[in-house]
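Peer 1: Just dropping this structure here.
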Amino acid sequence: AAYALARSSYTKSYVEMTSQLILQKVANFYGVSVGELCSHVRTVALSGARHVAIYLARAMTSCPLTMIGARMGGRDHTTVHHSIRKIDRLVATNAKVKAEIEVITNQIRAALLPKVPSPDIAPDSSGQ
């Protein structure tokens with residue numbers, strides 16, 4: 001039971017960290033703030049970025065649609081589902097959107113990987 005509780009706690013904090021990271025990376029990529037992504041402003045630029053954030057949250061976390069909606073400014077699960085379907089269609093038909101998703105996904109994955117220090121290899125001074 002203690003293991004399950006610890007694992008659940010770890011998973012929950014990992015999902016929260018990943019969700020926040022997704023919002024930050026999408027906001028940075030599209031030149032908007034995280035607050036704007038989660039707002040109810042419906043300009044084309046913000047809506048598109050918001051759809052991408054929702055799509056990536058679903059693709060990269062195990063969060064249910066209701067939780068994703070709650071983190072995206074209190075949106076309904078049907079709105080979240082619409083965003084996911086919309087980006088799914090765009091990825092299949094629009095190379096630019098597909099490339100954007102790949103770039104953002106790679107940025108998120110790179111940020112999640114542990115930083116491994118590179119070994120300092122000094123040149124051999126003995127001449128051998």
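The values are calculated or read from the model by the stated rules, or taken from the named source; none is laboratory data. Note that this is a predicted model, so its numbers are computed, not measured. Note that each Cβ is placed from the backbone with ideal geometry, even for glycine, and that neighbours are counted across all protein chains shown. Just so you know, the surface numbers come from the protein's heavy atoms only, side chains and all, with ligands and any DNA or RNA stripped out. Shrake-Rupley method; radii C 1.70, N 1.55, O 1.52, S 1.80 Å.
Peer 1: Among the residues of the stretch 67-92, what is the count of those that are within 14 Å of R42 (Cβ to Cβ) and touching a residue at least 40 places away in the same chain (Cβ under 8 Å)?
Peer 2: 0
Peer 1: Within the group A49, A57, which residue is open to solvent by less than 20 Å² (accessible area, probe 1.4 Å), in contact with a helix residue (DSSP H, G or I) (Cβ under 6 Å, 6 or more places away or on another chain), without any contact (Cβ under 8 Å) to a residue 24 or more places away in the chain and under 23 Å from G31 (Cβ atoms)?
Peer 2: On inspection, the qualifying residue turns out to be A49.
Peer 1: What's the total number of residues in the stretch 12-46 that are within 21 Å of A99 (Cα to Cα) and surrounded by 15 or more Cβ atoms within 10 Å (Cβ to Cβ)? Walk me through it before giving the result.
Peer 2: To start, the set of residues in the stretch 12-46 that are within 21 Å of A99 (Cα to Cα) comprises 18-19, 21-32, 37, 44-46.
Subset that is surrounded by 15 or more Cβ atoms within 10 Å (Cβ to Cβ): 18-19, 21-27, 29-30, 32, 37, 46.
Counting residues in the stretch 12-46 that are within 21 Å of A99 (Cα to Cα) and surrounded by 15 or more Cβ atoms within 10 Å (Cβ to Cβ) gives 14.
Peer 1: With the condition being of a type in the set (S, T, N, Q), I'd like the helices (runs of 4 or more DSSP H) fully within the stretch 15-117 carrying at least 2 qualifying residues.
Peer 2: Working: elements: 34-37, 44-60, 65-71, 77-93, 95-112.
Hits in the stretch 15-117: 77-93, 95-112.
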